[in-house]
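Each remark here refers to the structure printed beneath this line.
The values are calculated or read from the model by the stated rules, or taken from the named source; none is laboratory data. Not measured: the values here are computed from a predicted model. Positions of Cβ are generated from backbone atoms using ideal geometry, with glycine treated the same way; all protein chains shown enter the neighbour counts.
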Amino acid sequence: MEALRTSYGDTYSDLDSDPDSDRTPPPPSNTDPTQPSNLLPPPLLSLLNPPNSLGTFDYLEHGMASRVRSFPHGEGNYALHVYIPVNIPPATKKELAQFLKRVTPLVPGLHVVNADVPLNNLLRDDQKLEQVAFEREFHISLGRTVPIRVHQKDSILAMLRQKFQTHSRYWIDFNKWEVFVNDDRTRTFLSIEVTAGGLAEITKQIQAVNRIYKLHNLPEFYKDPRPHISIAWALGDIGDLLKRVVAAEMKRFIVVEGSSQKRIFTSKFSGIKCRIGNKHHKICKFQEE
């Protein structure tokens, strides 16, 4: 992007970049307007945003809203996270975006998970809202995100791959909007919970990960896990407010839309991944593959 801006710099900045150039501004041009110009045309606005850019949202100042890790970074420490990747079906994204549009104005400070973009800044553009909020991979955590030492990496990966070397596919039903607050009550999350289809299988996988964590003296997952994906977050503990807003919206949806659907969307189990530091490792293979 910087190269593009440099290419389209004005005459004076181009002169200043050349140590041998005359610093006197050039005289007015007497060029015949009918002659073709050597000047480059203004750049297309789309060129100033890379293909995967969020456009103007790349330049939002998030300030204090930026998320922070729950444990201090130390030399030789790597963040470990074991999870099931989840992609929301295209047909569901529009419906979820409309839900966020109704909830966001009533709950100050909601942000897109991971992108850390304020949801209020996306409400005027449905396409941008869908793109920023849902065009990415979500995850169901199978263990806490914890720091490990460099000498533990190979052992943990080997045990995970041995335990999950083969696995059958199954369907996961995401069927309940829920609100969660982290342990130190510094973040509140708007999430979609798994309470039926797939719950038994995920619970068994969490128990298996717990055993591996325990062998490495790592803290185990919650005693009564509630598998979910997080859609949005806010600073502090605003759980009560967010729960009231979500409950009211769900009630309105049932009354106005006449729907009492049993699930929000369904996703097929696509494997298990393990993130250590900045590297993602594929853990699970399927029996039919």
Exercise for the section: Name the single residue, out of those in the range 151-175 being charged (D, E, K, R) and out of contact with any strand residue (DSSP E or B) (no Cβ under 8 Å at 6 or more places or on another chain), that is surrounded by the fewest Cβ atoms within 10 Å (Cβ to Cβ). Expected result: D154
Exercise for the section: Would you please list the contacts, defined by Cβ atoms under 6 Å and residues six or more apart or on different chains, that run from a residue in the range 79-103 that is under 20 Å from W233 (Cβ atoms) to a residue that is of a type in the set (F, W, Y) and assigned to a helix (DSSP H, G or I)? Expected result: I88/F134; K93/F134
Exercise for the section: Could you tell me whether the range 158-175 includes any residue that is at pLDDT 95 or above and closer than 20 Å to W233 by Cβ? Expected result: yes
Problem - Identity of the residue in the range 232-265, at pLDDT 95 or above and assigned to a loop (DSSP other than H, G, I, E, B), that ends up surrounded by the most Cβ atoms within 10 Å (Cβ to Cβ) - result: I238
Exercise for the section: Give, as residue ranges, the helices (runs of 4 or more DSSP H) completely inside the range 68-164 that count at least 2 residues that are touching a His at 6+ places or on another chain (Cβ under 7 Å) and under 17 Å from H281 (Cβ atoms). Expected result: 153-163
Handout entry: Which numbered condition A208 fails, given (1) assigned to a helix (DSSP H, G or I); (2) at pLDDT below 95; (3) hydrophobic (A, V, I, L, M, F, W, C)
Key = (2)
Completion exercise
Considering residues that are touching a residue at least 12 places away in the same chain (Cβ under 8 Å) and either outside any helix (DSSP H, G or I) or under 17 Å from D183 (Cα atoms) (or both), the number found within the range 211-221 is 5
Exercise for the section: State all residues of the range 219-247 that are touching a helix residue (DSSP H, G or I) at 6+ places or on another chain (Cβ under 8 Å), farther than 15 Å from R185 by Cα and not small (G, A, S); if no residue qualifies, say none. Expected result: P219, E220, F221, P225, P227, I231, V245, V246
